[in-house]
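The values are calculated or read from the model by the stated rules, or taken from the named source; none is laboratory data. Given the structure is predicted, the values throughout are model-derived calculations rather than measurements. For neighbour counting, all protein chains shown are included, and Cβ atoms are generated from backbone atoms with ideal geometry for every residue, glycine included. We work out accessible area using only protein heavy atoms, side chains counted, and drop any ligands, DNA or RNA first. Shrake-Rupley method; radii C 1.70, N 1.55, O 1.52, S 1.80 Å.
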Amino acid sequence: MKAARRSIAFISGALLFSMCIGAAMKYASIGLPRHVYLSLGGRNSLQVMLGEALAIVAVLFVVALVWGYLTLRPERRRHRPYVSWMMAGVGTAWAGWLIYGAFTFALEPRSYSAPLQTMLLSSSAAPLFGSLNVLGVVGGVWLAGMLATRKQLSLPTTRSRRRPSKSAAAAEAEHDSVLSTLDPHAALPPR
């Protein structure tokens, strides 16, 4: 069961990151109305790009928090949350998306002339697909792990201590009353 929970956490982390990057690319393509861009300095101004990036990161943080908590929450006290395995899944998916982004960036010659702020902040620009998105997903999973650990510690323990049977308790009590610990050479009391 332990291996199954680890595998679920790893795969869930990889799927979470991939879904979040796909959603971020979709959200980035929607954009704001044109008159909003004109009043803020244009679509490629730093404040517009930073505002869009922070809005997308906030959405991804909440999605990662909910998804991570639902994946990591323990059902019993002895099932500890496998946060590190979920983070490993997120890291593996991030590396996969980074490699995909590098190939996409190399195959599109027009992307070489993109400004640095576009490459760092835009969720649809390869190879990083929004560097803040990674922080939002990792932060959401980390906070979900903290909440799941807190829930695990608040659950009652499932391993109960065995209570001795009445006959074993009576025999132990009789054995204790017969033996004397005061003098090792003392005689046993008569029966």
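hydroxyl-bearing (Ser, Thr, Tyr) and over 30 Å from PRO156 (Cα atoms): does that describe TYR27? Before the answer, list the steps.
Details: hydroxyl-bearing (Ser, Thr, Tyr): yes; over 30 Å from PRO156 (Cα atoms): yes.
Taking the combined requirement at face value, the residue satisfies it.
For segment 108-117, enumerate the residues that are loosely packed, with under 12 Cβ neighbours inside 10 Å and at pLDDT below 80.
Quick first cut of segment 108-117, residues loosely packed, with under 12 Cβ neighbours inside 10 Å only: 108-110, 112-113, 116.
Answer for segment 108-117, where residues must be loosely packed, with under 12 Cβ neighbours inside 10 Å and at pLDDT below 80: PRO109, ARG110, TYR112, SER113, LEU116.
Consider segment 36-58. How many of its residues are closer than 23 Å to LEU98 by Cβ and either surrounded by 16 or more Cβ atoms within 10 Å (Cβ to Cβ) or under 18 Å from the mean Cα position of the chain (by Cα) (or both)?
6
Can you name the condition, by its number, that GLU75 falls short on among (1) open to solvent by less than 80 Å² (accessible area, probe 1.4 Å); (2) within 30 Å of LYS151 (Cβ to Cβ)?
The one condition GLU75 does not meet is (1).
How many of the residues making up segment 133-173 are modelled with pLDDT of 65 or more, surrounded by 11 or more Cβ atoms within 10 Å (Cβ to Cβ) and among the aliphatic types (A, V, I, L, M)? Please lay out each step first, then the result.
First, pick out the residues of segment 133-173 that are modelled with pLDDT of 65 or more: 133-157, 166-167.
Still in the list and also surrounded by 11 or more Cβ atoms within 10 Å (Cβ to Cβ): 133-149, 151-152, 155.
Within this subset, residues satisfying the condition of being among the aliphatic types (A, V, I, L, M) are 134-135, 137-138, 141, 143-144, 146-148, 155.
Selection size over segment 133-173: 11.
Which residues, taken from segment 1-35, are aliphatic (A, V, I, L, M) and loosely packed, with under 12 Cβ neighbours inside 10 Å? Let's see the steps before the verdict.
Here is the first cut: in segment 1-35, the ones aliphatic (A, V, I, L, M) are 1, 3-4, 8-9, 11, 14-16, 19, 21, 23-25, 28, 30, 32.
Residues satisfying the conditions are MET1, ALA3, ALA4, ILE30.
Would you check if TRP85 is aromatic (Phe, Trp, Tyr), open to solvent by 70 Å² or more (accessible area, probe 1.4 Å) and more than 16 Å from SER131 (Cβ to Cβ)?
Numbers: aromatic (Phe, Trp, Tyr): yes; open to solvent by 70 Å² or more (accessible area, probe 1.4 Å): yes; more than 16 Å from SER131 (Cβ to Cβ): yes.
For TRP85, the condition - aromatic (Phe, Trp, Tyr), open to solvent by 70 Å² or more (accessible area, probe 1.4 Å) and more than 16 Å from SER131 (Cβ to Cβ) - is met.
Six or more apart or on different chains, Cβ atoms under 6 Å: show the pairs whose first residue is in segment 118-144 and under 15 Å from VAL59 (Cα atoms) and whose second is modelled with pLDDT under 85 and open to solvent by 40 Å² or more (accessible area, probe 1.4 Å).
Note: pairs meeting the criteria are SER131/LEU120.
Pairs please, first residue from segment 62-88 and more than 17 Å from VAL137 (Cβ to Cβ), second anywhere and of a type in the set (Asp, Glu) and outside any loop (DSSP other than H, G, I, E, B), Cβ atoms under 7 Å, 6+ apart in sequence or on different chains.
If the second residue must be of a type in the set (Asp, Glu) and outside any loop (DSSP other than H, G, I, E, B), no pairs are left.
Do any helices (runs of 4 or more DSSP H) lying entirely in segment 61-156 carry at least 2 residues that are farther than 20 Å from ILE21 by Cα and polar (S, T, N, Q), and which ones are they?
Details: elements: 83-107, 116-121, 131-154.
Helices (runs of 4 or more DSSP H) meeting the threshold: 131-154.
Among all residue pairs at least 6 apart or on different chains, which show Cβ distances below 7 Å where the first residue, located in segment 1-27, is closer than 20 Å to LEU132 by Cα and assigned to a helix (DSSP H, G or I) and the second is open to solvent by 30 Å² or more (accessible area, probe 1.4 Å) and of a type outside the set (A, V, I, L, M, F, W, C)?
Filtered contacts from segment 1-27: ALA14/THR92; MET25/SER124.
Please give the number of the condition PHE105 fails out of (1) closer than 24 Å to MET49 by Cα; (2) of a type in the set (A, V, I, L, M, F, W, C); (3) surrounded by fewer than 15 Cβ atoms within 10 Å (Cβ to Cβ).
(3)
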